[in-house]
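Asks: Got a structure here, written out as structure tokens. Questions coming.
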Amino acid sequence: MQRLVILLLLGSLSAAAQEPLSSERPSFSSSPLSLGRGLWQIEGGFQFSRFDSDADGYTLPLLLLRYGAGERAEIQFSWAGYSRFDVGPRDVDGITDAGIGVKWQLSDDGATTPIGLFAGLSLPIGGSDFSSDEVDPSVGLFWAHEGRVSLFGTVLFSDSGNDTTLANAVGINLPLAESCRGCGAFVEYVGIHPEDGGPQHSLGAGFAWLYADELQFDVNLGLGLNDRAADGYLGFGAAYRF
């Protein structure tokens, strides 16, 4: 989609100047806040994962394109992109499925506990090793809380090939020195609970730096807490609003 008139572009730039950038990355949890009307935001990055079977995984560009479609609603297009797994002498690589979705911000701007809802569908464009070959639905709830302790979390249900998966996460934002303006850090627990198979538990952490009003850089890492989860992962990326 393209913005076709200069007035809309100017309106977006004015709104961007008034609202702080809110990114979906680098945490597993998503922000409950939606983009302002007419704003665009593109997010992406790279992730490396290590598994206990001595397999390494690489994924990029982890693309997320967001558009503020209304006062408290945004449209999203997501695509993890290209993934490769090196498993001993065998390599598995290919394109992943994409997704489209809508996020609604239920709470007022400036609420102490903002809440958002998400509904989406996967698009079966991926390769044979990375696709369900079906259009799969997902629904989620995102929340945050600003108080003496700053918390956030996600509950996400997804269906793939008649296999339902529950993903839940809860994290805490870490206080940083005032001299680090535009910096943020967090620690987050993530649990993945597929209907067929045991749960995966992991602990992640990340750091984000607001380089400019419309540009954020980030880095994140994680550690598996049980045998079913990846041993660890490391990633980095950026978010840009325009």
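Asks: For segment 173-184, does any single residue satisfy the condition of being in contact with a Leu (Cβ under 6 Å, 6 or more places away or on another chain) and aliphatic (A, V, I, L, M)? Full working, then the answer.
Replies: Quick first cut of segment 173-184, residues in contact with a Leu (Cβ under 6 Å, 6 or more places away or on another chain) only: 182-183.
Adding the requirement that they be aliphatic (A, V, I, L, M) leaves none.
Looking for residues that are in contact with a Leu (Cβ under 6 Å, 6 or more places away or on another chain) and aliphatic (A, V, I, L, M), one finds none in segment 173-184, hence no.
Asks: Please go through segment 177-201 and give me each residue that is over 26 Å from ARG228 (Cα atoms), among the hydrophobic types (A, V, I, L, M, F, W, C) and surrounded by 13 or more Cβ atoms within 10 Å (Cβ to Cβ), ordered by number. Give the steps one after another, and end with the answer.
Replies: First, the residues of segment 177-201 that are over 26 Å from ARG228 (Cα atoms): 177-185.
Imposing the further condition that a residue be among the hydrophobic types (A, V, I, L, M, F, W, C) reduces the set to 177, 180, 183, 185.
Scanning segment 177-201 gives CYS183, ALA185.
Asks: For residues that are of a type in the set (D, E, K, R) and more than 19 Å from TYR211 (Cα to Cα), scanning just segment 1-54, find the one that is modelled with the lowest pLDDT.
Replies: Residues of segment 1-54 that are of a type in the set (D, E, K, R), as a first pass: 3, 19, 24-25, 37, 43, 50, 52, 54.
Restricting the remaining residues to those that are more than 19 Å from TYR211 (Cα to Cα) gives 3, 37, 50, 52, 54.
Details: ARG3: 40, ARG37: 94, ARG50: 94, ASP52: 77, ASP54: 77.
Going through the qualifying residues, I end up with ARG3.
Asks: Given segment 87-163, what strands (runs of 3 or more DSSP E) lie entirely inside it while holding 2 or more residues that are in contact (Cβ under 8 Å) with a residue 40 or more places away in the chain? Spell out the reasoning first.
Replies: Numbers: elements: 90-95, 98-105, 115-123, 137-145, 151-160.
The qualifying strands (runs of 3 or more DSSP E) are 98-105, 115-123, 137-145, 151-160.
Asks: Still on this structure: Quick one: in segment 111-132, of everything that is out of contact with any Gly (no Cβ under 9 Å at 6 or more places or on another chain) and open to solvent by less than 80 Å² (accessible area, probe 1.4 Å), which residue is nearest to ASP159 (Cα to Cα)?
Replies: As a first pass, look at segment 111-132 and keep what is out of contact with any Gly (no Cβ under 9 Å at 6 or more places or on another chain): 111, 114-115, 124-125.
Imposing the further condition that a residue be open to solvent by less than 80 Å² (accessible area, probe 1.4 Å) reduces the set to 111, 114-115, 124.
Values: ALA111: 32, PRO114: 26, ILE115: 23, PRO124: 13 Å.
Here the residue is PRO124.
The values are calculated or read from the model by the stated rules, or taken from the named source; none is laboratory data. Because the structure is a prediction, the values reported are computed rather than measured. Heads up, the Cβs are rebuilt from the backbone with ideal geometry, glycines too, and the neighbour counts pull from every protein chain shown. Protein only, heavy atoms only, side chains kept; ligands, DNA and RNA dropped before computing areas. Shrake-Rupley method; radii C 1.70, N 1.55, O 1.52, S 1.80 Å.
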